[in-house]
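Beneath this line is the structure, given in structure tokens, with notes to follow.
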Amino acid sequence: MMRAWVLPMLLVLCGSVVSIGLILGGSPGTAAVLLLVFALLAGVNSPLFFPRPVSALEAQRRSAVDGRPIVFWRSGCQYCVRLRFRLGRSARQLHWVDIWRDPDGAATVRAANEGNETVPTLVVAGQPHVNPDPAWVREQIRPSR
């Protein structure tokens, strides 16, 4: 759980150090803008940016009932952030499993990716798809509405 917050904390820390240096150098406006940019980057790379994760077993149970895809992801993954950002509100219709919080989810991803924890891995109707195009994912969501 803690490693999911390492990158966001590092971004806030670096932004703070750079901002302090700029304030001491006489550029408080630039410091405020850079601190805001670092804070936004930290937010996007944090678990808070993603829908609330469920366990792999719960996601499989829910998917069997409603037919919605399952997304296996982890914090700090640029491809996961890209997928989440491009899906917008549609992301809430998927079942999200954080592989850093759920060992069963990590095992599922390794089984689908020849032992690698490559994310995002989307499971649609029992078939895994690694780093799918967000437009394709939106198409997979539409039938389940």
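If the rule is a partner Cβ under 4.7 Å, which cysteines in the chain fail it?
By the Cβ distance rule, which asks for a partner under 4.7 Å, the isolated cysteines are Cys14.
Quick one, could you list the DSSP H helices from the chain stretching 18 Å or more along their long axis (Cα atoms) with average Kyte-Doolittle hydropathy of -1.0 or above? Provide the component values of the computation, followed by the final result.
Numbers: long enough: 6-24 (27 Å, 2.58); 28-44 (24 Å, 2.26).
Counting only whole DSSP H runs, the qualifying helices are 6-24, 28-44.
Taking only DSSP H segments of four or more residues, each worth -39500 (n - 2.57), what value at 222 nm results for the chain once the sum is divided by all its residues, to the nearest 500 deg cm²/dmol? Mind showing how you got there, number by number?
Values: 6 runs with 75 residues, N = 145.
Computed mean residue ellipticity for the chain: -16000 deg cm²/dmol.
Could you work out the pair-distance distribution P(r) of the stretch 17-80 from its alpha-carbon pairs, with 5 angstrom bin width and percents rounded to whole numbers?
So the P(r) values, bin by bin, are 3, 16, 16, 13, 12, 10, 8, 6, 6, 5, 3, 1.
Quick check on the chain: of the DSSP beta bridges with both residues there, what percent are antiparallel, nearest 5%?
On the way: 7 of 11 bridges.
Percentage antiparallel, nearest 5: 65.
Can you sort Trp96, Trp136 so the residue with the fewest Cβ neighbours within 10 Å comes first?
Numbers: Trp96 21, Trp136 11.
So the ranking, lowest neighbour count to highest, is Trp136, Trp96.
Once a ≥ b ≥ c are taken as the square roots of the eigenvalues of the Cα gyration tensor of the stretch 2-48, is the result rounded (a/c under 1.5), prolate (a/b larger than b/c) or oblate (a/b not larger than b/c)?
On the way: a/c = 5.70, a/b = 2.28, b/c = 2.50.
Verdict is oblate for the stretch 2-48.
How far apart, in nm, are the 7 Å Cα→Cβ label points at Asp133 and Glu117?
3.0 nm
Collect residues whose amide H, placed 1.01 Å from N in the peptide plane, falls under 5 Å from the amide H of Thr121; neighbours closer than 5 in sequence don't count.
HN-HN under 5 Å from Thr121: Phe72, Asn131.
What ranking of His129, His95 emerges when the number of other C-beta atoms within 10 Å of each C-beta is taken as an exposure proxy, fewest first?
Details: His129 17, His95 22.
Fewest-to-most ranking of His129, His95: His129, His95.
Rounded to the nearest 20 Debye, what is the dipole magnitude of the chain about its Cα centre when Lys and Arg each give +1 and Asp and Glu each give -1 at the C-beta?
Numbers: 16 positive and 9 negative charges, 90 e Å.
Rounded to the nearest 20 debye, it is 440 debye.
We did not get these values from a lab; they are worked out from the coordinates using the rules stated. On a predicted model such as this, the values are computed, not experimentally measured, just so you know. For neighbour counting, all protein chains shown are included, and Cβ atoms are generated from backbone atoms with ideal geometry for every residue, glycine included.
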